[in-house]
Amino acid sequence: MIIQNPEFLLLLPLLIYPAFLAYKKSGYARKITTARTVTMLVIIIAAASPAITQTSDAATQQKLNILKDNTTSMQAIQKPEISVQGNEKTFVLGNNSQIFSQAAQNIEQGSENLLITDGQTQQTTNKLIREAKQKNASISIYTLREKSETSITIDGPSTTVPGAENTFNVEISSTKNKDIPVTITLNGSETYTRQINESYSFDRQFDTKGEYTIEAHINSTDQFSTNNHYYKTVQVREKPKILTIGSRGPLESNLEDFYNIETSQNIPENLEDYYTVIMKKKTSNSELETYLAEGNGLVYTASMKEDLPGYLPVRISSEDERDSGAKVVLLIDASFGTGTCVEGGEGFCFETSSKGGNAKESIQIAYSLVDSLKQNNKVGVLAYNRDSYLISRPKSLAFNRESLKQKISRISPSGPSFHDQGLDGATQFVESNDTVVMIADGEIGDFETKKNVPTDIRNIASGMEAKLITIGVGETPNKPLLQDIARTTGGYYLENNEAGRLNFKFGAGGGTSEYKPIAVVNPNHFITQGLELDGTVTGFNPVEVKRSADKLAAASNSQPVLSSWRYGLGRVAAFSADNKNLERLSNSDPSLVSRTVSWSVGNPYRKKDDWENVKDASRPEKPVAKASYQAKGLNKQSKNLYSAEITANSLGFNQWNGETYAYNYNTEKQNIGQDMDKLQSIPQQTGGRIYDSENIGQLPKRLAEVDRKVEKQVSLAPYLISLALIMFLGEVGYRKRNGRL
């Protein structure tokens with residue numbers, strides 16, 4: 001039973017006096033006083049609104065919703081003729097590329113859905129699949145017939161420097177399974193013709209600064225004519241000027257194709273002309289901190305054996321600190337899944353536990369981490385569903401590994417996913433230098449939304465002193481939420497197959513002479529995004545990463561290899577392994593070195609007095625013009641930055657203030673045909689099927705009656721009011737019978 005308005009029960013003490021009077025009286029007076037007291041008691045209880053929960057079996061016919069995509073790219077598809085009846089709904093129109101998020105908004109509780117779309121979008125299917133699972137709905141895909149259509153695009157760098165080798169890719173998207181003749185024109189004069197099936201790559205060097213153009217076109221008579229031409233501009237700028245401190249070596253040779261490098265043994269007084277400084281030799285200069293705070297860069301490769309300057313993202317660690325390991329709390333989502341709400345049940349929600357959620361995977365990952373982490377780490381474990389509960393306080397794995405593994409294996413999933421309760425519980429066992437590893441799907445259902453779980457967990461994360469690393473589990477984890485709360489604390493998100501990176505993050509330290517394999521530990525930074533490392537290094541420095549900095553790459557003994565942070569407006573990166581010229585890293589993982597320098601350089605235009613720039617654009621977006629000064633029509637955005645949208649005269653090459661830019665066809669016409677590689681995962685994970693014109697007749701057979709449990713709240717107040725009325729009328733009748741009205 002549920003009491004909805006318990007405050008009315010505070011009136012019950014008022015009945016003590018009339019009850020006392022009834023006790024003192026006798027005969028007729030006692031009966032009347034007792035009846036009135038009981039009537040008032042029933043009225044007070046009715047005002048408190050008691051309710052009970054009733055469960056019933058309901059046989060309902062599944063709804064068939066036919067969801068139609070009517071975006072521009074669907075014009076390259078033959079109009080489907082579907083022989084089944086259903087509630088047809090066009091869920092997306094025109095140039096909208098948010099296909100799957102729009103479809104998710106049209107999924108109804110317990111429904112059968114037939115999705116008619118080409119799937120041409122940059123979105124993943126995760127949100128749509130998650131919504132279908134939460135609402136116990138299935139989604140089927142209809143196989144479409146494609147019209148004859150071909151499009152062309154050019155991919156490659158938009159800016160480069162003189163003499164650098166640049167690779168450009170001409171890509172064809174076509175419903176025709178054959179080679180397409182393509183004409184490529186460079187800078188309006190050089191012309192090449194190639195037969196291309198899917199893509200063609202070519203390399204090009206530009207010897208002098210300036211603007212260059214590339215055009216590719218095909219001769220094709222099909223639905224769209226505009227997507228048969230593609231235009232691209234390349235801005236060849238002077239090499240950014242950088243300064244290296246120390247003797248010239250292999251590092252400078254590896255970078256000089258892209259940068260104008262000057263070498264010095266000491267930091268000069270004036271650093272204004274340099275985009276970044278590579279410090280291969282430890283030296284001090286009072287102007288360096290100001291230089292960094294104003295938005296410039298620094299890459300530190302020098303020795304770290306002694307006291308380090310405060311602008312570096314690392315600090316010297318003692319031998320005891322290196323041997324002590326880290327304190328880590330594993331937070332396991334041990335729920336069955338999310339909650340849901342009864343349709344038409346006036347907001348009444350209940351737990352959904354029939355599918356078991358992703359708790360098993362969370363438990364397996366936690367078990368594997370405890371099994372593989374270094375023994376000097378202190379590891380604690382909490383699990384959560386509706387509330388958090390302690391499995392083990394943080395203890396050294398040297399003595400507690402096996403018992404901790406046994407405790408984790410005994411965790412039994414139950415209840416809904418109150419992620420906020422789990423994170424709040426974990427914060428009780430960590431301090432500023434510790435780490436919480438949250439292993440969860442991050443799913444938020446109706447039940448959790450009504451309990452303010454999304455808001456509460458973000459508030460808890462924003463107040464954490466420890467770092468939070470989130471690991472998404474299941475086929476469709478709520479990545480945006482897990483990323484958001486992790487980044488709020490200075491942590492990051494990992495996919496379930498990336499959990500092994502934590503073995504590189506947490507460890508015991510070790511010797512400095514042994515070669516160790518390295519790996520990316522934070523894959524969400526500009527430097528490391530999409531990067532896999534293959535090398536081994538030695539020469540580790542005795543350092544640890546500062547609290548607000550990012551450890552980007554580490555060795556198998558968890559020693560940091562590359563760390564970064566922002567110092568004021570500046571970008572600072574520190575290599576704490578290999579030698580000052582990064583020779584071993586440059587040979588095995590050159591992208592790690594080049595990306596680090598590129599990140600530290602930042603905006604390549606910021607040192608110029610006056611500059612203008614218009615990036616290439618595509619319909620329906622307007623080109624955006626930017627300048628360092630108040631050019632006509634531009635609005636001030638910040639210091640030395642003005643911008644505004646401009647109108648292109650036509651598709652092709654256009655000019656603004658002497659700057660050439662390309663304006664291309666609508667991106668909705670770029671990817672052609674039905675993307676079944678992406679779409680097939682939807683029916684696979686939601687219990688749907690893939691239909692075509694031949695087997696669509698089988699779909700109505702799936703729309704049988706479905707038995708389901710329906711829970712609803714039934715208020716007892718009307719019954720209690722009726723009882724009170726009957727008692728009052730009975731009292732009146734009794735008094736009339738006794739002649740005492």
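The values are calculated or read from the model by the stated rules, or taken from the named source; none is laboratory data. Remember, it's a predicted structure, so these values are computed and weren't measured experimentally. For neighbour counting, all protein chains shown are included, and Cβ atoms are generated from backbone atoms with ideal geometry for every residue, glycine included.
Observations, loosely collected:
- Among (1) small (Gly, Ala, Ser); (2) touching a strand residue (DSSP E or B) at 6+ places or on another chain (Cβ under 6 Å); (3) in contact (Cβ under 8 Å) with a residue 60 or more places away in the chain, the one test that GLY491 misses: (3)
- Residue within the stretch 433-443 that is buried (at least 20 other Cβ atoms within 10 Å of the Cβ) and on the phi > 0 side of the Ramachandran plot present: yes
- Residues in the stretch 7-43 that are among the basic types (Lys, Arg) and surrounded by 15 or more Cβ atoms within 10 Å (Cβ to Cβ): LYS31, ARG36.
- Residue match in the stretch 406-418 (condition: on the phi < 0 side of the Ramachandran plot, part of a helix (DSSP H, G or I) and either hydrophobic (A, V, I, L, M, F, W, C) or buried (at least 19 other Cβ atoms within 10 Å of the Cβ) (or both)): yes
- Answer residue from the stretch 722-741, given it is over 10 Å from ALA35 (Cβ atoms) and in contact with a helix residue (DSSP H, G or I) (Cβ under 6 Å, 6 or more places away or on another chain) and is surrounded by the most Cβ atoms within 10 Å (Cβ to Cβ) among those: ALA724
- Only residues that are more than 28 Å from LEU10 (Cα to Cα) and either surrounded by 10 or more Cβ atoms within 10 Å (Cβ to Cβ) or modelled with pLDDT of 60 or more (or both) were counted in the stretch 48-60, giving 5.
- Only one of ILE66, ILE139, ILE116 that is in contact with a Ser or Thr (Cβ under 9 Å, 6 or more places away or on another chain) and buried (at least 16 other Cβ atoms within 10 Å of the Cβ): ILE139
- THR153 meets the stated requirement of being out of contact with any Leu (no Cβ under 8 Å at 6 or more places or on another chain), surrounded by 12 or more Cβ atoms within 10 Å (Cβ to Cβ), in a strand (DSSP E or B) and not hydrophobic (A, V, I, L, M, F, W, C).
- Some residue of the stretch 616-630 being over 20 Å from GLY297 (Cα atoms), without any contact (Cβ under 8 Å) to a residue 24 or more places away in the chain, among the charged types (D, E, K, R) and surrounded by fewer than 19 Cβ atoms within 10 Å (Cβ to Cβ): yes
- Qualifying residue in the stretch 379-394 (condition: modelled with pLDDT of 90 or more and of a type in the set (Lys, Arg)): yes
- Condition check for PHE399: more than 30 Å from ALA573 (Cβ to Cβ), modelled with pLDDT under 80, outside any loop (DSSP other than H, G, I, E, B) and out of contact with any Cys (no Cβ under 6 Å at 6 or more places or on another chain): no
- Flag for ILE184 being within 30 Å of ASP257 (Cα to Cα) and not assigned by TED's automatic domain parsing to the domain that holds ASN254: yes
- Out of SER324, SER368, SER354, sole residue that is modelled with pLDDT of 85 or more and of a type in the set (S, T, N, Q): SER368
- Residue match in the stretch 232-245 (condition: under 38 Å from the mean Cα position of the chain (by Cα) and without any contact (Cβ under 8 Å) to a residue 60 or more places away in the chain): yes
- Looking across the stretch 395-405, the residues that are surrounded by fewer than 18 Cβ atoms within 10 Å (Cβ to Cβ) and touching a strand residue (DSSP E or B) at 6+ places or on another chain (Cβ under 7 Å) come down to LYS395, SER396.
- Scanning the stretch 635-648 for residues that are under 30 Å from VAL92 (Cα atoms) and either among the hydroxyl-bearing types (Ser, Thr, Tyr) or at pLDDT below 90 (or both) yields a single hit, THR647.
- Of all the criteria given as (1) crowded, with 19+ Cβ neighbours inside 10 Å; (2) free of Cβ contacts under 8 Å to residues at least 40 places away in the same chain; (3) assigned to a loop (DSSP other than H, G, I, E, B), the one not satisfied by GLY474 is (2).
- Across the stretch 206-245, the qualifying residues are those that are among the basic types (Lys, Arg) and surrounded by 19 or more Cβ atoms within 10 Å (Cβ to Cβ), and the one among them that is farthest from ASN671 (Cα to Cα) is LYS239.
- Some residue of the stretch 647-658 being touching a Lys or Arg at 6+ places or on another chain (Cβ under 8 Å), of a type outside the set (Gly, Ala, Ser), on the phi < 0 side of the Ramachandran plot and loosely packed, with under 14 Cβ neighbours inside 10 Å: yes
- Selection of the stretch 562-596 for residues being in a strand (DSSP E or B), of a type in the set (A, V, I, L, M) and more than 16 Å from PHE526 (Cα to Cα) yields an empty set.
- Where helices (runs of 4 or more DSSP H) sit wholly within the stretch 1-106, those with at least 2 residues that are touching a strand residue (DSSP E or B) at 6+ places or on another chain (Cβ under 6 Å) and closer than 30 Å to LEU144 by Cα occupy 99-104.
Residues checked against (1) at pLDDT below 90; (2) among the β-branched types (Val, Ile, Thr); (3) touching an Asp or Glu at 6+ places or on another chain (Cβ under 6 Å):
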| position | (1), (2), (3) |
| --- | --- |
| ARG501 | yes, no, no |
| LEU533 | yes, no, yes |
| ARG566 | no, no, no |
| ARG571 | no, no, no |
| PHE575 | no, no, no |
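- Only one entry of VAL521, VAL561 meets the criterion of being buried (at least 18 other Cβ atoms within 10 Å of the Cβ), among the β-branched types (Val, Ile, Thr) and more than 23 Å from TYR367 (Cβ to Cβ), and that entry is VAL561.
- Filtered residue count, the stretch 625-645, keeping only those that are more than 15 Å from GLN655 (Cα to Cα) and part of a loop (DSSP other than H, G, I, E, B): 6
- From the list THR221, THR193, the lone residue that is modelled with pLDDT under 90, outside any strand (DSSP E or B), out of contact with any helix residue (DSSP H, G or I) (no Cβ under 7 Å at 6 or more places or on another chain) and closer than 26 Å to GLU149 by Cα is THR221.
- The stretch 654-680: number of residues that are at pLDDT 90 or above, more than 16 Å from THR153 (Cβ to Cβ) and not in a loop (DSSP other than H, G, I, E, B): 7
- Apart from one condition, SER722 fits all of (1) farther than 30 Å from LYS232 by Cβ; (2) touching a Ser or Thr at 6+ places or on another chain (Cβ under 9 Å); the exception is (2).
- For GLU583, the stated conditions do not hold, so it cannot be described as charged (D, E, K, R), more than 30 Å from the chain's Cα centre (by Cα) and closer than 25 Å to ILE214 by Cβ.
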